[in-house]
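Working notes for the structure below.
The values are calculated or read from the model by the stated rules, or taken from the named source; none is laboratory data. Quick caveat: nothing in here was measured; it's all calculated off a predicted structure. Note that we place each Cβ from the backbone using ideal geometry, even for glycine, and neighbour counts take in every protein chain shown. What goes into the accessible areas is simple: the full protein's heavy atoms, side chains included, and nothing from ligands, DNA or RNA. Shrake-Rupley method; radii C 1.70, N 1.55, O 1.52, S 1.80 Å.
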Amino acid sequence: MTTINTNTELSIIDIQAVQNQMRNLSIGFNLKWLDVNVLPRKTVFEIQHDVQQKILKPFQEVVETMQIAGLLSVEGKKIFEKMFEMFDGADTEYKFMQSLKSTGLYADPREYVISNELRPGVINNEQGMDNDPITGILMPIKFQLKKYLESPMVFETILGNLNPSPDGYIRSLIDGIVWQQKVAGHSSNIVIPLNLFFDDFTTKDTASPHASRTSVLGVYYYIPCLPGYILAKLANILVAGYILSEDRKEYENEELFSNLVEVLIDLELNGVNITHNGANVTVHFMVGFITGDNLGISGILDLVESARANFYCRLCKRNREQREKDTVEYEESFRTIDGYDQDLRQNDVSSTGIHKNSIFNSIPSYHVVSNVYFDLMHDLWEGVCMYGLAHCLNYFIKVKRCLALLK
């Protein structure tokens, strides 16, 4: 029987590297199939279970037989056992989550209480009042940003796009005066913008009259200075949290988003520590814009939502009748922080367009009046181009007869 030099064998094979490689393969396998929308999560873990029971387990038995027969050294068997251990705990969702945590790839979201109320309910088979808290979900945003920036080439790409365009063209938030004013007074050398947006989605029961009860408000964020070809991928849009859409009808934005605002303030003041090229770097984040369609932004910022209101514009104090006839910009009518404060003291939404002071104004570098964002899709492609342009053509062709339709 041939004798194997185990010391040479162990010196050649980096056991820890092999373990890490097998663990990453196992995690990557699950993550790949969990990312497939049409595949139930349960099915993914059933597949992983079958792989372990019908492929890896028989292989383990063969390794055991080879060691007994002298075809494999004891140390060689241990190496295989270490490799197989990396697949343990990947066949159930709970075990998989624990495995992700142990490797620093996952952190639990936080469920926070919006309102804690007593509601009628059955307690110990008797009618009574039961504690029924209304809650929201806040993702571990600082953890997400740390892992995102430490991903290959992400931080380098962001740093390469943090300076304004040398030709003066406005290609992103970075090139505008709003962002330049925000970072002018910040002491940190690395300040990255974050844009937020809010959107509802329905998880099930989409066709019934009760579909709205299953609607969820998703809160998302992204780094707007990244190139368009990167932002076009959903992987670069991160989830900040979830709130039941029905709760927005009953509770104020301050109650719903105060926990999110606390995190955003912390990101601006304290930042996130990341490891880049072997060095520790502190990166700060500032909210650039809160984005979305006109109705959504106005509701989130505690402004009037109806386009028939007297003062429905987020950026100026021109009334509805004036705006219906305006063809130029009136800079003197732009909303300012001082004017916003005066409108709050006036406390008359019909003459100001402001319901109440926005919770997002608590963020040091952010204010509602500086949220200079318009949604091109709704304003132009699904707005002016579809409806406004049609009215214009009808007017010039049928009323004024300035244009004629050629056959």
- Item | Every residue from segment 30-50 that is surrounded by 13 or more Cβ atoms within 10 Å (Cβ to Cβ), without any contact (Cβ under 8 Å) to a residue 40 or more places away in the chain and under 13 Å from F87 (Cα atoms) | I47
- If we ask which residues in segment 283-302 are touching a Lys or Arg at 6+ places or on another chain (Cβ under 6 Å) and either open to solvent by less than 10 Å² (accessible area, probe 1.4 Å) or among the aliphatic types (A, V, I, L, M) (or both), their number turns out to be 1
- Query: Of all residues in segment 170-203, how many are assigned to a strand (DSSP E or B), buried (at least 18 other Cβ atoms within 10 Å of the Cβ) and hydrophobic (A, V, I, L, M, F, W, C)?
  - Reply: 6
- Query: Which number in (1) surrounded by 11 or more Cβ atoms within 10 Å (Cβ to Cβ); (2) of a type in the set (V, I, T); (3) modelled with pLDDT of 85 or more; (4) farther than 27 Å from Y340 by Cβ marks the one condition that V399 misses?
  - Reply: (1)
- Item | Long-range neighbours under 7 Å by Cβ, at least six apart or interchain, first residue modelled with pLDDT of 90 or more within segment 169-181, second exposed (fewer than 11 other Cβ atoms within 10 Å of the Cβ) | D175/Y169
- Query: Going by the structure shown, is H355 open to solvent by 60 Å² or more (accessible area, probe 1.4 Å) and either more than 33 Å from the chain's Cα centre (by Cα) or of a type in the set (G, A, S) (or both)?
  - Reply: no
- Message: With the structure loaded, tell me whether L118 is over 20 Å from the mean Cα position of the chain (by Cα), over 30 Å from N30 (Cα atoms) and either of a type in the set (V, I, T) or assigned to a loop (DSSP other than H, G, I, E, B) (or both) or whether it fails that test.
- Response: no
- Task: Could you grab the pairs with beta carbons closer than 6 Å, sequence gap of 6+ or different chains, first residue in segment 230-242 and over 21 Å from L260 (Cα atoms), second one open to solvent by less than 30 Å² (accessible area, probe 1.4 Å) and assigned to a loop (DSSP other than H, G, I, E, B)?
- Result: none
- Query: In segment 232-252, which residues are in a helix (DSSP H, G or I), open to solvent by 30 Å² or more (accessible area, probe 1.4 Å) and either over 16 Å from Q144 (Cβ atoms) or modelled with pLDDT of 95 or more (or both)?
  - Reply: E246, R248, K249, E250
- Message: Looking at the structure I just gave you, is Y222 aromatic (F, W, Y), out of contact with any helix residue (DSSP H, G or I) (no Cβ under 9 Å at 6 or more places or on another chain) and either farther than 25 Å from E117 by Cβ or open to solvent by 60 Å² or more (accessible area, probe 1.4 Å) (or both)?
- Response: no
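Table: residues versus (1) in contact (Cβ under 8 Å) with a residue 24 or more places away in the chain; (2) closer than 17 Å to I363 by Cβ; (3) not in a strand (DSSP E or B).
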{"residue": "E254", "(1), (2), (3)": "yes, yes, yes"}
{"residue": "S258", "(1), (2), (3)": "yes, yes, yes"}
{"residue": "S298", "(1), (2), (3)": "no, no, yes"}
{"residue": "E305", "(1), (2), (3)": "no, no, yes"}
{"residue": "C313", "(1), (2), (3)": "yes, no, yes"}
- For segment 138-163, the count of residues that are open to solvent by 70 Å² or more (accessible area, probe 1.4 Å) and farther than 15 Å from T275 by Cα equals 1
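Matching residues to (1) open to solvent by less than 30 Å² (accessible area, probe 1.4 Å); (2) farther than 19 Å from G296 by Cβ:
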residue: G339; (1), (2): yes, yes
residue: D343; (1), (2): yes, yes
residue: S350; (1), (2): no, yes
residue: I363; (1), (2): yes, no
residue: H367; (1), (2): yes, no
residue: V372; (1), (2): no, no
residue: L380; (1), (2): no, no
residue: A390; (1), (2): no, yes
residue: L393; (1), (2): no, yes
